[in-house]
Every structure is written in structure tokens, then in C-alpha cells.
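Participant: One structure coming up, written as C-alpha cells, with questions to follow.
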Amino acid sequence: MRLRTVYRIVFRKEFRELLRDRRSLFWLFAPPIVLPSLAICAGLFIGTQVIRIANEGFPIFIENSDQAPELVERLKKEDAIKVLDENSADEAIVIVALPADFKSQLDGNGTANLEVITKDNSIITFFGRSAVRGVIEDYSDDLLDERLASQGLDRDWLEPIQIGEATQRTEASVGTSADEDGNSIFGTIFLPLAVTSWLLGGGMGLILDTTVGEKERQTVENLLVTPASRVGIVMGKMTVVFIASMAVMSMWLTEGLLLSAFSDASPQFSNADSLTTGEAIKILAESGSGALGLLAALVVMIIPFTVMLNGLVMAWCAYAANYREANLFMALVQLGLPATVLLTIFSMPANVADVVYAIPLFGTIVAIRDLFSESLSTGGLVVNFISGLIYAAGGIGVAAWMFGREWSLTRGLQ
Amino acid sequence: MIEAQQLAKQFKKFQAVKNVTFQAHEGEVFGLLGPNGAGKTTTLRMLSTVVEPSDGTAVIDGFDIRHQKDKVRSRLGILVESAGLYAHSTTREHLRYIGNLHGLDGAGLESHIDYLIGALEMRDFADRRAKGFSRGMVRKVVMGMALIHNPPNVILDEPTQGLDVVSTRAVREIILKFKSEGRCVILSTHHMDEVERLCDRVAIIHRGEILESGTPAELTEKYQAADLETAFVQIVGAEALLQEAEREATDKKRKHKSE
């Protein structure tokens, strides 16, 4: 029987089973849908609360306000702060406690101590305290400038050396660099970790179900007594797993892209007085277009990587006698993979030779790291993609080989 | 026709099957009897090409199980003792899936599915998903899957195990129907009354070897027993049966503990 026919039959059946299996669908798609939705809802709720209170002013009370009239004046001028009088002091979420000798401490050119007391540890109080601290720190800075000026000095006198930081870029690098260090760290450390975890996380349950699940359900012998090609069976099953993995991965990446676009576009949004929906979409598209090249390169690396990982896991699961054995391996993978990723990221030096990108598993992790630090050359990407395709074919081969072995398939048969 | 020739299977140090030789003809029900762990299922798995023989071979309708697996698979239907189903597929989808994997499709396959659904009395659950099926329903669907490609040779491993009286009767009638259709049937079962009622010839297998073979009447006469069950106990040995039962109970306990 032709391999392509078997592949089509098995793929259609496995895909139908997946679409009907609500539990598997939930565990596949709930995290990328529910987690960001929850985060957005929580952010919106907290944000609106903070904005509402900030508009009214965070209620604060100042003890011994006569000790620092200038500071009190600055606090009163701050829009986000509402200074309460003694009658309504109980409503304050932050209390600025000035000691009775605060003025004399300041006048003596020493350090004057005050205390910021918060009512609780809520997020609103946190923002209120931050607003108060900001005003006090500004006032303290101005006092410092005054003191330095009275001595004929300026602020540079306090900082003899200033350190600047920059990363050396490879000229023919792939993708665009994030401007801020925070985004770069996200890309170079967090993303390789997340990519490998999500890829496996998305497909793992399905791999279990389509391989060792056949043994547990005692359906494997019904398959084995047909003249269907083993490679066709494996590829049909693997395609469903691959589609599910990529669908989950795409959702995460799309959300990441949107987050990045919103983050980049936020200054333009806040500067504009009013925006139509079309204008907002245009700003977002322009902000996101920079990340599209990065995303395209990432997808080129991820596709063969996913197939290889799924193939290897599938081979093991075809060998495992039961769910327990397969789950034990999965647990080891889930623990070992993040450790491997972190070790690779930190142990591999920057600007590695292109051949490093051809090392199975490690090559792709390093490539993702270097993609975000803009040190991945086009040649490196090509090497990674071609070697990835070879390993992907190897992954399918190992899975198909294992699925065709009597000693692996008969393990666990009753 | 199924012809086993010196079939043997060794799992590491354990010899599960030794030099098993028999012939089962068209239009005949051939019984393979033996206590648990005797090597029946391994023999049937070798015949169905799931397990590779360590030595010897078998020929099914002229095709060798070692070298012509696809030909053998297309001429053989097997009902596995503990076979299960896919929870989210219907009875009809199960039959269609296995039919497709045998290279069948189109109107011919659909009409054969309808025929099997009628013949195996599966109309009530033909379009229901398998989740929650009773054991009897599962056995019927699996039997349908074994017969979807209309094989001339059928292997049935404990076909009535766990079935209620009505389903058991239905399965026995189906077996007799296979015989009347001229199929070659190999039946593995524990039920001696079933063997006496259905089988034309039997082989008694114990510790991987065939100890005796012949018609039920021949065996009963040879051992001067009242019935086949008594003859079977004499052939295998009461002590051996007791040991097998104890071993089985220990295995079950160990398995239960490990779970």
C-alpha cells in the first residue's frame, strides 16, 4: 500500500480524534488563550483602578507638616497626590512622618530622616508610595544641588566615572535588534527556553496518546495486522502532533509580536490626542514590522527543530510499554530541557563559528540566542536550517524505525 | 488454509513456543487449546505477522508469514483477545479506518461496512462514539474490524471472553457462518463446551508445545474420557494446570502491586 495513502488515512483519523477530544484541545490551547487573557484582564483592572485613584490623587497625610513647608507644597502640587488634612487623616493610604526636628536637621546640612508609612501592601498603595517617594527624591535632589552649588561644586563632582554599555553587532546579522536591554535578555535567554518548552508542551500529550496510547487502549495490534506502511502511520501521526505544536507556538509568538508592537507604539499612543482605529492599527503595524523579520527567521529554525524533537519523543513513546514509562521519560525531558537550554546559552561563547549551528539541539538553541543578540549571520541561519532538516528527517526515521520494531511494539502487549 | 511449520519463538531466555506444527483447512474451525501462558497468543501473533518467529514459519494461502507479510495480512483477519477502540471514533469510523488501511474505499467498502453492522448486530451503536461501550460492544466492533477486508482466514483469540449469553450465542453463530462460507477459522478459547460445539479439530498446546491433536471425539476416545474437558486435563496434567493457575494468580498480584 502506498505510503502517501496510509499517511493521508492516518492523518485524517488522528486529526479527527484530536478535534473531538475536548480535554486535549483544552490543554493545548487554554494556556496561550487563557493566560494572556487573564494577564490582560488583571492589568486592565489594576490599571483602571490606579488611573482612577491617580486622577483623584492618592490620599496621603503629612505628620508635622510645618517642619518642611516646601516639601509639603511640592506634594500638594503633584496631580497624582491628594494631601489630606488632619480631620480626614484616617483615609490616607500613605503617611509621610516628619520628625519634630526635621527642619533643624536639614538646616544643619546633615541628613534629615523621614518615614513613609503605608497602610497596607496593596497595588494601589504601592503606586501611591511610589508617587510620594518620587516627589521626595526630586526635592532631595534639588536640595543636594543647592548644597553643592553653595560649595562651588556641581553634580559631576560626585560621579568621577560614568560607565556606558553597548553590544558589538555582526554586520551581516539576521533580524533586528531590540533597542532596550530588557527585550534583548528576553530574546536571548527566555525565548530559547520558552520555545523548546512550548514545542514539547504543545505536542507531548498528543504524542503520548498517538503512540503509547495505542498500546494502553490495545488498539496497536489492529493497526499492525493491516498491510499499512509503518512510515506512513508514523508520519500521519506526527503531522497532527506537528500541526498542534505549531498552532500553539504560533499563538504564543503572535501574542509576543503584539506585545512587542504595543510596547514600541506606546509612546506614539500616549503622545497622540485622539486616534482613529485605522491610525492605531497603522502605528501598530509599523511597530510590529520590525519584529516580522525576526519572527520569520525564528519560524525557519523552529519548524525542523519541532519535527526532530517530536520524532525523538515519539520514538521513545512507541518503545514505552505504558503511560507510566512514557511519562517518566517526559518528566525527565521537561526537567532536563530547561537545564540544557540554560547551560547552552551561558556556556557557548558569543560569535560562534557557523558549524556550531549544525550541532543537533544545541545549534538551534544557540541560533535563537544569537538571533536576538544580532550576532547570527545569514550563513549561520542557513547552516542551522539545512542541518535542522536533516535532523528532522532523522527524527522521523527513528520514530518510524521504532514503530516498525517488534520488540518495541510488543512491549506492554497483554 | 493456514499451515504452521515448526514455529518457534524465544523471548530472551524464555522459549514461549517450540516446534508448533499444524494445518487448518478451508471450511474448518481449528481449535487451539491450552492453559494460560501455554503459548497460544504468541502462536497466533506469529501467524498474524505481529511477532516474528525465532524459527520455523507458517504459510497462509500459499504466502509465507516471514517474507510475504503484506499478502498474509490481506488474507487474514484477527480478533485480538484484549483489543480496544478509539474513544472518539464511531463504530462505522473504526471499520472504515481499518478498511482504508487494507486499501479499500468507496461504495464497496461502505456497503461491506453496512453488511457487517447488520451481521454483527451493531445497528444500535453504529454511529455512536466508542467511549463508554460495553465489553460486548467492543468485541463486536473489533470483530468487524477483523472482517472488514473479507479475509478467507480468520483467527479468533478468546472471542467470547467477557460477553453476555446473548452476545456469546451471536458470536458462536458467526463462527459457524464463517465455516459455512468456506473460511479457515482458528479459534483459541478456554471454553471446552465451545470447542466441542464449534471445532472440527483441535490442538492442545502446553508450555509452547503441541501435546496432542485430532478431532474432539478422537481425543475423548483416546483418553477414555467422558468429555473433552476431562481429556484436556489428562493431557496437560492436573498438577500442571494447578501450577499455571497459581503462577497466573501471582503474576496478577504482582502486576496489581506495581500499578
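Participant: Using Cα atoms only, what is the angle between the long axis of helix B:238-258 and the major principal axis of chain B, expressed in degrees (0 to 90) to the nearest 10?
Facilitator: The two axes meet at around 50 degrees.
Participant: Let me ask another. How far is the Cα center of the stretch B:153-215 from the Cα center of the stretch B:4-53, in Å?
Facilitator: When both Cα centres are located, 15 Å separates them.
Participant: For residue A:321 and residue A:22, what is the calculated FRET efficiency with R₀ set at 30 Å and r taken between the beta-carbons, to the nearest 0.05? Provide the component values of the computation, followed by the final result.
Facilitator: Details: r = 28 Å, r/R0 = 0.92.
For R0 = 30 Å, the calculated efficiency reads 0.60.
Participant: Now for a different question. Hey, got the average number of other protein chain Cβ atoms within 10 angstrom for residues in B:74-84? Intermediate values should be presented prior to the final figure.
Facilitator: Details: counts 3, 0, 1, 1, 4, 2, 9, 3, 4, 6, 9.
Going residue by residue through B:74-84 and averaging, the value is 4.
Participant: Within the P(r) computed for the stretch A:51-154, what percentage of the Cα pairs occupies the region above 20 Å?
Facilitator: Distances greater than 20 Å cover 39 percent of the Cα pairs.
Participant: Could you sort the peptides A:321-332, A:240-251 by per-residue average Cβ neighbour count (10 Å cutoff), highest mean leading?
Facilitator: The densest-packed peptide leads the list: A:240-251, A:321-332.
Participant: Can you tell me the orientation of helix B:135-147 relative to chain B, as the angle in degrees between its alpha-carbon axis and the longest Cα principal axis, to the nearest 10?
Facilitator: Taking Cα atoms only, the helix is inclined about 80 degrees.
Participant: Give the average, rounded to an integer, of partner chain Cβ atoms located within 10 angstrom of each Cβ in B:42-51. Each step should come with its number before you reach the end.
Facilitator: Working: counts 1, 0, 0, 6, 0, 0, 3, 4, 9, 6.
Average neighbour count from other chains, rounded to a whole number: 3.
Participant: Place the peptides A:151-158, B:145-152, B:195-202 in order of packing, highest mean first, counting for every residue the other Cβ atoms within 10 Å and averaging per peptide.
Facilitator: Per-residue Cβ counts within 10 Å, averaged per peptide and sorted highest first, yield B:145-152, B:195-202, A:151-158.
Participant: How big is the stretch B:2-258 in terms of Cα radius of gyration and Dmax, in angstroms?
Facilitator: Calculated on Cα positions, Rg and Dmax stand at 18.5, 56 Å.
Participant: Also, I was wondering about something else. Kindly list the residues of the stretch A:56-99 that lie in the label zone of residue A:140, defined by a backbone N under 15 Å from the point 7 Å along the Cα-to-C-beta vector.
Facilitator: Backbone N within reach: A:71, A:96-99.
Participant: Considering the options A:31, A:233, B:15, tell which one lies farthest towards the positive end of the dipole of the protein assembly as shown, charges being +1 on Lys and Arg and -1 on Asp and Glu at the Cβ, about the Cα centre.
Facilitator: Sorting the options by dipole projection puts first B:15.
Participant: Under the classification rounded if a/c is under 1.5, otherwise prolate if a/b is larger than b/c and oblate if not, where does the stretch A:284-414 fall, given a ≥ b ≥ c as square roots of the Cα gyration tensor eigenvalues?
Facilitator: It comes out prolate by the Cα gyration axes.
Participant: Right, something else. Just from its helices, what would the mean residue ellipticity at 222 nm be for chain A, if runs of 4 or more DSSP H residues each count -39500 (n - 2.57) and the sum is divided by every residue, rounded to the nearest 500 deg cm²/dmol? Kindly include the intermediate steps, with their values, before the conclusion.
Facilitator: On the way: 15 runs with 283 residues, N = 414.
Theoretical 222 nm ellipticity from helices: -23500 deg cm²/dmol.
Participant: Pull up the cross-link candidates among the aspartates and glutamates for residue B:71, meaning alpha carbon to alpha carbon under 18 Å and not fewer than 8 places away within one chain.
Facilitator: Cα-Cα hits under 18 Å: A:221, B:3, B:26, B:52, B:61.
Participant: Starting at the first residue of the stretch B:108-123, write each ³J(HN,Hα) from the Karplus equation 6.51 cos²θ - 1.76 cosθ + 1.60 with θ = phi - 60°, in whole Hz, x for Gly and Pro.
Facilitator: For the stretch B:108-123, the Karplus-derived couplings read x, 5, 4, 5, 5, 4, 4, 4, 5, 4, x, 5, 9, 6, 10, 4 Hz, x marking Gly and Pro.
Participant: Set Lys and Arg Cβ to +1 and Asp and Glu Cβ to -1, take the dipole of the protein assembly as shown about its Cα centre, and tell me which of A:243, A:108, B:141 lies farthest positive.
Facilitator: It is B:141, whose Cα lies furthest towards the positive end.
Participant: Can you classify the stretch B:82-131 as rounded, prolate or oblate using the Cα gyration tensor, where a ≥ b ≥ c are the square roots of its eigenvalues, rounded means a/c under 1.5, and otherwise it's prolate if a/b beats b/c and oblate if not? If you can, show how the numbers build up before the last one.
Facilitator: Values: a/c = 1.89, a/b = 1.24, b/c = 1.53.
It comes out oblate by the Cα gyration axes.
Participant: If I model a spin label at residue A:74 and residue A:45 as a point 7 Å from the Cα along the Cα→Cβ vector, what separation in nanometres do I get?
Facilitator: My value for the distance between the label points is 3.6 nm.
Participant: For the stretch B:1-110, build the charge dipole from Cβ charges (+1 Lys, Arg; -1 Asp, Glu) around the Cα centre, then report which of B:68, B:50, B:89 sits farthest towards its positive end.
Facilitator: Checked the options; the winner is B:50.
Participant: Report the charge-dipole magnitude of the protein assembly as shown in Debye, nearest 20, computed about the Cα centre from +1 at each Lys and Arg Cβ and -1 at each Asp and Glu Cβ.
Facilitator: Once rounded to the nearest 20, the dipole reads 4160 debye.
Participant: To test your reading of the geometry: what angle, between 0 and 90 degrees and rounded to tens, separates the Cα axis of helix B:165-180 from the longest principal axis of chain B?
Facilitator: Taking Cα atoms only, the helix is inclined about 90 degrees.
Participant: So if we plug the beta-carbon distance of residue A:3 and residue B:230 into 1/(1 + (r/R0)^6) with R0 = 60 Å, what FRET efficiency do we get, rounded to 0.05?
Facilitator: 0.65
Participant: Residue B:19 to residue B:67: extension gain in nm, 0.36 nm per residue of separation minus the Cα-Cα distance?
Facilitator: 15.4 nm
Participant: How shielded is A:394-407 by partner chains, expressed as the average number of their Cβ atoms within 10 Å of its Cβ atoms?
Facilitator: 1
Participant: Any idea what log10 I(q)/I(0) is at q = 0.06, 0.11 Å⁻¹ for the protein assembly as shown, Debye with uniform C-alpha scatterers and no solvent?
Facilitator: Those come out to -0.55, -1.13, one per q.
Participant: Determine the shape class of the stretch B:1-63: with a ≥ b ≥ c the square roots of the Cα gyration tensor eigenvalues, call it rounded for a/c under 1.5, and otherwise prolate if a/b is greater than b/c, oblate otherwise.
Facilitator: Oblate is the answer for the stretch B:1-63, as a/c is 1.5 or above yet b/c matches or exceeds a/b.
Participant: Take peptides B:185-192, A:78-85, A:113-120 and line them up by average Cβ neighbours within 10 Å, highest first, as a rough protection proxy.
Facilitator: Output ranking for B:185-192, A:78-85, A:113-120: B:185-192, A:78-85, A:113-120.
Participant: Using a simple charge model, +1 on the beta-carbon of Lys and Arg, -1 on the beta-carbon of Asp and Glu, nothing else, what dipole does the stretch A:51-154 show about its Cα centre, in debye to the nearest 20?
Facilitator: That gives the stretch A:51-154 a dipole magnitude of about 300 debye.
Participant: Subtracting the Cα-Cα distance from 0.36 nm times the residue separation, let me have the gained length for residue A:355 to residue A:263 in nm, one decimal.
Facilitator: My answer for the length gained is 29.6 nm.
Participant: How large is the dipole of the stretch B:11-159 about the Cα centre if only Lys and Arg carry +1 and Asp and Glu carry -1, each at its Cβ, rounded to the nearest 20 debye?
Facilitator: With only Lys, Arg, Asp and Glu charged at Cβ, the dipole is about 580 debye.
Participant: Follow-up. Once fully extended, how much extra length lies between residue B:55 and residue B:127, figured as 0.36 nm per residue of separation less the alpha-carbon to alpha-carbon distance?
Facilitator: Working: separation 72, 0.36 × 72 = 25.92 nm, distance 4.40 nm.
Between residue B:55 and residue B:127, full extension yields 21.5 nm more.
Participant: Also, quick follow-up: Determine, from the Cβ-Cβ distance of residue B:222 and residue A:329 and an R0 of 51 Å, the FRET efficiency 1/(1 + (r/R0)^6), rounded to the nearest 0.05.
Facilitator: 0.40
We did not get these values from a lab; they are worked out from the coordinates using the rules stated. Predicted, not measured: the structure shown is a model, and the values here were computed from it. No Cβ is skipped: glycine too gets one built from the backbone with ideal geometry, and neighbour counts run over all protein chains shown.
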